[in-house]
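Before any comments, here is the structure.
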Amino acid sequence: MKISNNEFMFPEIAVPHTVFSIKHAFIMGAINGAIKSGAKGFRIIEVGSWLGASTLLWAESILRFGGEDVARRSTILSVDSWRPVLSSEDLEDQHYRDFVSASNNDVAYNIFLHNSRIGSERFCVKIDHIRGLSEDVLPEVDGGQFDIVYIDAGHYYDDCVFDIAQAKRLVRVGGAICGDDLNAPMSDVDMEVLLANKNRDTILNPRTGFYFHPGVTLAVGESFPEVGACGGFWSVKKTADNGFVPSDVRLNGMFTPSFLSDKDKASFRELMATHYP
């Protein structure tokens with residue numbers, strides 16, 4: 001594989017992971033909304049990074065909406081093992097075997113290092129990482145210090161419950177916990193389906209006919225009475241009494257990420273133009 005020192009890398013061998021959708025526009029909106037509300041810098045911890053697509057999106061959003069001064073006062077800490085742990089049932093699918101293959105010889109990890117280095121330089125946001133399982137890493141991180149905790153790691157129930165519990169400790173009062181892959185709320189799924197499949201990555205919801213992540217749905221639904229959510233993106237804010245209330249998830253400024261390939265840029269623009277003209 002030929003590597004350019006100055007170009008972002010998202011090779012298909014490491015699983016295509018840059019087909020951005022509406023949920024990614026809400027990351028942009030979260031940053032733009034916070035800056036409009038007076039944020040002068042961000043401390044973000046991202047649980048699950050893989051090749052760094054969402055890491056770069058946080059960073060570029062900060063620079064685009066806040067300018068260089070806000071970007072230079074911002075940091076992103078990525079936590080990932082770069083070693084996916086998947087059930088035998090999920091590994092029957094080639095898609096998941098591709099993830100495992102991409103972790104061999106640290107291919108995915110080295111691509112992340114490459115992308116995060118370029119992203120930090122171009123977007124002026126300091127990007128650090130800790131390699132390890134979240135269950136080992138997160139308890140060692142000081143609590144109450146992050147403006148945003150973004151959860152996009154293992155989708156199995158036990159993993160999600162642990163990451164959310166740690167996120168509650170890590171986020172500051174007034175900060176946000178948010179995440180990816182909430183494709184169905186608990187109210188849209190029969191409980192027996194959730195319990196029977198909580199340690200599967202993705203299944204078809206018999207009630208709606210759409211695919212969703214049962215572990216994410218169950219963990220988020222049990223952890224918060226209500227969340228702000230749209231397009232798979234979900235978010236809550238921490239209150240002064242250590243409670244959590246739904247965030248106002250909305251489109252609040254959009255751009256085409258500069259690190260996407262020309263093909264993925266075109267796909268993202270077409271999606272936005274079709275659904276949000």
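The values are calculated or read from the model by the stated rules, or taken from the named source; none is laboratory data. A quick note: this is a predicted structure, and the numbers were derived from the prediction, not measured. We place every Cβ from the backbone using ideal geometry, glycine too, and count neighbours over all the protein chains shown.
Considering only residues of the range 77-98 that are surrounded by 18 or more Cβ atoms within 10 Å (Cβ to Cβ) and of a type in the set (Gly, Ala, Ser), which is nearest to the chain's Cα centre (by Cα)?
Per the criteria, the residue is Ser78.
Can you tell me how many residues in the range 1-39 are among the β-branched types (Val, Ile, Thr) and at pLDDT 85 or above? Before the answer, list the steps.
Restricting attention to the range 1-39, the residues satisfying the condition of being among the β-branched types (Val, Ile, Thr) are 3, 13, 15, 18-19, 22, 27, 31, 35.
Now restrict to residues that are at pLDDT 85 or above: 27, 31, 35.
Residues in the range 1-39 being among the β-branched types (Val, Ile, Thr) and at pLDDT 85 or above: 3 in total.
Inside the range 198-257, can you point out the residues that are surrounded by fewer than 20 Cβ atoms within 10 Å (Cβ to Cβ), in contact (Cβ under 8 Å) with a residue 40 or more places away in the chain and β-branched (Val, Ile, Thr)?
Matches in the range 198-257: Thr202, Thr239.
Among the residues of the range 179-188, is there at least one that is loosely packed, with under 15 Cβ neighbours inside 10 Å and in contact with a strand residue (DSSP E or B) (Cβ under 6 Å, 6 or more places away or on another chain)?
no
Among the residues that make up the range 114-125, is at least one of them farther than 29 Å from Gly215 by Cα and aromatic (Phe, Trp, Tyr)?
yes
What are the pairs with Cβ atoms under 7 angstrom where one residue, in the range 1-30, is under 18 Å from Arg122 (Cα atoms) and assigned to a loop (DSSP other than H, G, I, E, B) and the other, located anywhere, is modelled with pLDDT of 80 or more and of a type in the set (A, V, I, L, M, F, W, C)? Sequence gap at least six, or different chains.
That search, which allows pairs on different chains as well, returns Ile3/Met9; Asn6/Ile118; Phe8/Ile118; Phe8/Phe259; Met9/Ile111; Phe10/Leu51; Phe10/Ala53.
In this structure, is Ser74 surrounded by fewer than 20 Cβ atoms within 10 Å (Cβ to Cβ), among the hydroxyl-bearing types (Ser, Thr, Tyr) and at pLDDT 90 or above? Give the derivation first.
Details: surrounded by fewer than 20 Cβ atoms within 10 Å (Cβ to Cβ): no; among the hydroxyl-bearing types (Ser, Thr, Tyr): yes; at pLDDT 90 or above: yes.
No; evaluated as a whole, the condition is false for this residue.
For the range 244-277, give me each residue that is hydrophobic (A, V, I, L, M, F, W, C) and outside any helix (DSSP H, G or I). Reasoning before the result, please.
Going residue by residue through the range 244-277, those that are hydrophobic (A, V, I, L, M, F, W, C) are 244-245, 249, 251, 254-255, 259-260, 266, 268, 271-273.
Within the range 244-277, Phe244, Val245, Val249, Leu251, Met254, Phe255, Phe259, Leu260 qualify.
For the range 145-163, name all the residues that are free of Cβ contacts under 8 Å to residues at least 60 places away in the same chain and farther than 18 Å from Ile130 by Cβ.
Residue satisfying the conditions is Asp158 alone.
Results for (1) under 17 Å from Ser74 (Cβ atoms); (2) touching a Phe, Trp or Tyr at 6+ places or on another chain (Cβ under 9 Å), shown as yes or no for each residue.
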{"site": "Ala102", "(1), (2)": "no, yes"}
{"site": "Leu113", "(1), (2)": "no, no"}
{"site": "Ser120", "(1), (2)": "yes, no"}
{"site": "Gly132", "(1), (2)": "no, no"}
{"site": "Asp136", "(1), (2)": "no, no"}
{"site": "Ile148", "(1), (2)": "yes, yes"}
{"site": "Asp159", "(1), (2)": "no, no"}
{"site": "Ala167", "(1), (2)": "no, yes"}
{"site": "Gly175", "(1), (2)": "yes, yes"}
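I need the full set of residues from the range 45-56 which are in a helix (DSSP H, G or I) and within 12 Å of Ile127 (Cβ to Cβ), in order please.
Ser54, Thr55, Leu56
Gly66 fails exactly one of the following numbered conditions: (1) without any contact (Cβ under 8 Å) to a residue 60 or more places away in the chain; (2) touching a Cys at 6+ places or on another chain (Cβ under 8 Å); (3) under 22 Å from Phe268 (Cβ atoms). What is the number of that condition?
(2)
Select from the range 238-256 the residues that are closer than 23 Å to Gln145 by Cβ and of a type in the set (S, T, N, Q) and list them in ascending order.
Those that are closer than 23 Å to Gln145 by Cβ and of a type in the set (S, T, N, Q): Thr239, Asn242, Ser247.
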